[in-house]
Amino acid sequence: MMPTLREATIHGHDVEVSWNDGRPSARLPLMWLRDNCPASQHPDTKQRLVDTFGIAADIAARAIAVEDQGRVLSVEWAEDGHVSRFNAGFLSAVRFNPDVLPVARWTWNRDEIAAHMPSVAYAAFMSDESAVKEFLEQVAEATRDVAARIAYTRQTIFGGYWDFTANLEHKDTAYTSMAIGPHTDGTYSLDAPGYQMFHCLAADCTGGENVLIDGYRIAEIMQRDAPADFRLLTEVAIPGQYIDEGRGIHLMARRPLFRLDDSGKLVQVSYNNYDRAPLVLPPAQQLALYRALATFNALCREPSL
């Protein structure tokens, strides 16, 4: 039987919910509730549509109520009158967060990559091992033959090597004409893709440019200028998820945005705010995580990077 809510009360910028089955009450930051509003999800892809970083840290609720015999928590927001309704089953399922080899690398920004754009001649690449080594050190673009030259092609729920267009064939924003901000793919996979290779065959639209950012450069900047935010993003395992209800698929994995190896060196940047699954932390840490994500997001939008 699904747990039902007994009471909900506001304490500052948090909502405390208690349950009819005697389980411990929980505090949920108002910002977390607004960020995870069910009405702010795409109806097909279940991906987040709300601008997380446009939510005020001190967001206020005009009213809250327990409805439908404890099955629903209703929150009316003071700013715009929007009403969010949370299923008690969803709230009860939320859990608090528990819990290579050395590589010489240089990071880049917009001007540096423009001055030294990596490229390798295709003919040499396909015939000369030294050109493959040069490619791997520079990581250029490629299609099927180039991919097969350096590694096996991973099979995914979408396929291995596949075509896609804006037809919503799969429940992902990539299959729409919506703009997609900077992100990494596969945050819902236990082993996210190492390299991804795209080949645009046709672009029957306006816009659609790819934005590429060096996440390692952002890490360097945050470690220097916002060390507390950087440290938190190395510690909190953030969950990502993919949901396709029609095909019975629900994938989930979790890892820090900045994943370090045992020696403390950065080995992976993993960030996709569209696919971020609900995560509840103690209120102070929850708000600190939002601040850290906002710092990272602001650098993603910095034109010079």
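Among the residues making up the stretch 192-210, those that are within 26 Å of R154 (Cα to Cα) and open to solvent by 100 Å² or more (accessible area, probe 1.4 Å) are Y195, F198, H199, L201, E209, N210. Just a yes or no: is a residue in the stretch 3-12 in contact with a Lys or Arg (Cβ under 8 Å, 6 or more places away or on another chain), buried (at least 20 other Cβ atoms within 10 Å of the Cβ) and assigned to a strand (DSSP E or B)? Within the stretch 3-12, one or more residues are in contact with a Lys or Arg (Cβ under 8 Å, 6 or more places away or on another chain), buried (at least 20 other Cβ atoms within 10 Å of the Cβ) and assigned to a strand (DSSP E or B). Residues in the stretch 248-293 that are open to solvent by 40 Å² or more (accessible area, probe 1.4 Å) and part of a strand (DSSP E or B): H250, L251, M252, R254, R259, L260. Counting only strands (runs of 3 or more DSSP E) that sit completely within the stretch 17-98, those holding 1 or more residues that are surrounded by 14 or more Cβ atoms within 10 Å (Cβ to Cβ) and touching a Pro at 6+ places or on another chain (Cβ under 6 Å) correspond to 26-29.
Condition check ((1) over 21 Å from V211 (Cα atoms); (2) modelled with pLDDT under 75) across all residues:
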{"position": "S84", "(1), (2)": "yes, no"}
{"position": "G89", "(1), (2)": "yes, no"}
{"position": "L101", "(1), (2)": "yes, yes"}
{"position": "Q138", "(1), (2)": "no, yes"}
{"position": "D191", "(1), (2)": "yes, no"}
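What do you reckon, is W108 among the aromatic types (F, W, Y), under 25 Å from C300 (Cα atoms) and at pLDDT below 95? Criteria met by W108.
The values are calculated or read from the model by the stated rules, or taken from the named source; none is laboratory data. Model, not experiment: these values are computed from the prediction. A quick note on method: Cβ atoms are made from the backbone with ideal geometry, for glycine too, and the neighbour counts reach across all protein chains shown. Accessible surface areas use protein heavy atoms only, side chains included; no ligands, DNA or RNA. Shrake-Rupley method; radii C 1.70, N 1.55, O 1.52, S 1.80 Å.
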